[in-house]
Amino acid sequence: MQPLFQHEDTERAVAIFEVLNADGGIGWRRSSLYQNAPDPFRTLISAMLSPRTDRESNRIAVENLFALAQTPEMMSQLDYETILEAIAPVTYAENKARYVPLLSAQIAEWGEVPADRDRLMTLPGVGWKVALLTLWVAYGLAPEICVDVHVARIGKRLGLVKPTTQQPQKVSQELMQIVPKEIWGPWNPTMVYHGRTICFPSRPNCAQCPIYDLCERIGVKR
Ligand code: SF4
């Protein structure tokens, strides 16, 4: 069967990664993503609160919460109103406030944050992306490429992901056919950083982009 992508795409993906990490690399600095990381429980809570929330709001919410309770046992005892007030800066705070004590109680029962994607995904509020994020930040493990809006959008513009692919898991599968396994973990933070600083959703700053020559700019208005 004809491979979906050709070898030169792997070389191009590696070159893209190397250029974007040329200064030492946000992608390799797991601890830069979460303050005080990699404490696994704090990382898990932070990742669970992070969907659709900007980094600063997430940081404030996590700090508020951990000022009230530092262990899973203590966190599981907090009441809903107290949690809601602490995590008010994040999006969907009402739902996430319900998850916090349930998730904490389960971690207290297990005695640790499991370094296992499938077990993490049994926790309240923890889906595929949050589980992968937790594994990478807390333990440096990357069984798959974690895909969010930045990873998907930039992957398509680069021509590494088909423009029609929608589901994050399918985007991840396409990328994993090209991107070498050693950089699956830092691929997400590398693209998130690039998406926040250069390759913006509506107006990518192609003129200033360090990977301009490596990018096919699929779907980008010239
Ligand atoms: S050249 Fe433009 S579209 Fe391609 S990665 Fe850079 S900013 Fe994004």
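None of the figures in this text is laboratory data; all of them are computed from the coordinates on show. Since the structure is predicted, the reported quantities are computational estimates derived from the model, not experimental observations. Note that we place each Cβ from the backbone using ideal geometry, even for glycine, and neighbour counts take in every protein chain shown.
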Next on the checklist: What are the pairs with Cβ atoms under 7 angstrom where one residue, in segment 186-198, is in a helix (DSSP H, G or I) and the other, located anywhere, is surrounded by fewer than 20 Cβ atoms within 10 Å (Cβ to Cβ) and polar (S, T, N, Q)? Sequence gap at least six, or different chains.
Outcome noted: THR190/ASN21
Checklist entry - So, of the residues in segment 172-222 that are of a type in the set (S, T, N, Q) and within 12 Å of the ligand (Cβ to nearest atom), which turns out to be farthest from LEU20 (Cα to Cα)? => result SER202
Checklist outcome for this item: Log entry, pairs with first residue in segment 203-214 being touching a residue at least 60 places away in the same chain (Cβ under 8 Å), second being in a helix (DSSP H, G or I) and not aromatic (Phe, Trp, Tyr), beta carbons closer than 6 Å, six or more apart or on different chains, reads PRO210/VAL19; ILE211/ILE16; ILE211/VAL19; LEU214/ARG12; LEU214/ALA15; LEU214/ILE16
Next on the checklist: Looking at ILE107, ILE83, can you tell me which residue is part of a helix (DSSP H, G or I) and within 15 Å of THR43 (Cα to Cα)?
Outcome noted: ILE107
